[in-house]
1. Within the stretch 82-96, identify whether any single residue is of a type in the set (Val, Ile, Thr) and touching a helix residue (DSSP H, G or I) at 6+ places or on another chain (Cβ under 6 Å), and answer yes or no.
2. Can you tell me which condition residue 167 does not meet? The list is (1) at pLDDT 95 or above; (2) buried (at least 17 other Cβ atoms within 10 Å of the Cβ); (3) over 28 Å from residue 96 (Cα atoms), and all the others hold.
3. For the stretch 255-287, which positions are modelled with pLDDT under 95 and on the phi > 0 side of the Ramachandran plot?
4. Those residues that are away from the ligand (no atom under 14 Å from the Cβ), touching a Gly at 6+ places or on another chain (Cβ under 6 Å) and among the charged types (D, E, K, R), I need them from the stretch 146-189; list them, please.
5. For residue 98, state whether it is more than 15 Å from the ligand (Cβ to nearest atom), at pLDDT 95 or above and on the phi > 0 side of the Ramachandran plot.
6. Across the stretch 92-123, which residue is farthest from residue 26 (Cα to Cα) among those that are of a type in the set (Gly, Ala, Ser) and more than 15 Å from the chain's Cα centre (by Cα)?
7. State which residue pairs qualify: first residue assigned to a loop (DSSP other than H, G, I, E, B) and inside the stretch 90-108, second residue modelled with pLDDT of 95 or more and among the small types (Gly, Ala, Ser) in any location, beta carbons under 6 Å apart, and separation of 6 or more residues or different chains.
8. Any residue in the stretch 164-185 that's farther than 29 Å from residue 200 by Cβ and without any contact (Cβ under 8 Å) to a residue 60 or more places away in the chain: show its pairings with residues that are of a type outside the set (Asp, Glu) and within 16 Å of the ligand (Cβ to nearest atom) at Cβ separation under 6 Å, as long as the two are six or more apart or on different chains.
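The values are calculated or read from the model by the stated rules, or taken from the named source; none is laboratory data. The model shown is predicted, which means the values in this text are computed figures rather than measured ones. No Cβ is skipped: glycine too gets one built from the backbone with ideal geometry, and neighbour counts run over all protein chains shown.
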Amino acid sequence: MLVSAKEMLNKARDGKYAVGQFNINNLEWTKSILTVAEELKSPVILGVSEGAGKYMTGFKTIVGMVNGMLEEMKITVPVALHLDHGTFEGAQKCLRAGFSSIMFDGSHYPIAENIEKTKILVNACDVFGVSIEAEVGSIGGEEDGVVGMGECADPKECKSIADLGVTMLAAGIGNIHGKYPANWPGLSFETLEAVKKEVGDMPLVLHGGTGIPADMIKKAISLGVAKINVNTECQLSFAEATRKYIEEGKDQQGKGFDPRKLLAPGAEAIKATVKEKMELFGSVGKA
Ligand code: 13P
């Protein structure tokens, strides 16, 4: 059964580790992530962007697929199904479809509007027993066509949003979605410390988990980060393994590639990436 992310994140914050959010795009990715989480006895969050939701024909399809897998694969670790960077409307759709966690990304609105919309969704999530992530200070890079500038959040604004009763807060600390440029100055721990001071016990979320050096990840966790999002790294490992498989030309019988065999190396590559991240984040054995 899907669970809200609240308990797993509070435990992670107290235990000084982070739960990984791994974004899903299809059945193979989902199966790989759940397989590793169960093997390593780690809690896990499956992230779904609105773009990935459309690709998979809609949020209800995803809820059906994930719930089916939890049962058929006999998954015992806590799993949350979470909307990633949701719009106000998208968040409401996910609540109705059966997601167990949502993110409302109001970081591009003026703070008063971000507060107003987040508040409405906090109330709705309370009714559904669903966890909610809010964002202050947009994350850099491009995601689903939306380009953020990698801001550092205003700690006072973070407090205003945290006080609405959200479950977790994503505060921009110079992090970027996708690969980090060579001249990236690194995470702003100064901002992270200032945010933590304002929001107290609130579990913090670090987006853009691909390519952040291990020492920075560990320091961020020590300063209150309890959830780390990873997407690009899975995409890269999946694409590279698939490309290699096609180039090697294996399994190409007269009728072409067997789709199940074609996608298998990519699915294995995702497993390796997820395992590496769970070990780095310290969530292994914490289910
Ligand atoms: P990356 O694509 O950089 O791993 O970031 C993922 C993310 O933050 C999703 O919200």
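1. no
2. (3)
3. 256
4. Of everything in the stretch 146-189, just one residue is away from the ligand (no atom under 14 Å from the Cβ), touching a Gly at 6+ places or on another chain (Cβ under 6 Å) and among the charged types (D, E, K, R), namely 151.
5. Yes: the conditions hold for residue 98.
6. Once the filter is applied, the top-ranked residue is 112.
7. 100/4; 100/80
8. Listed by first residue and then by second, the contacts come to 178/141; 178/232; 179/211; 180/211.
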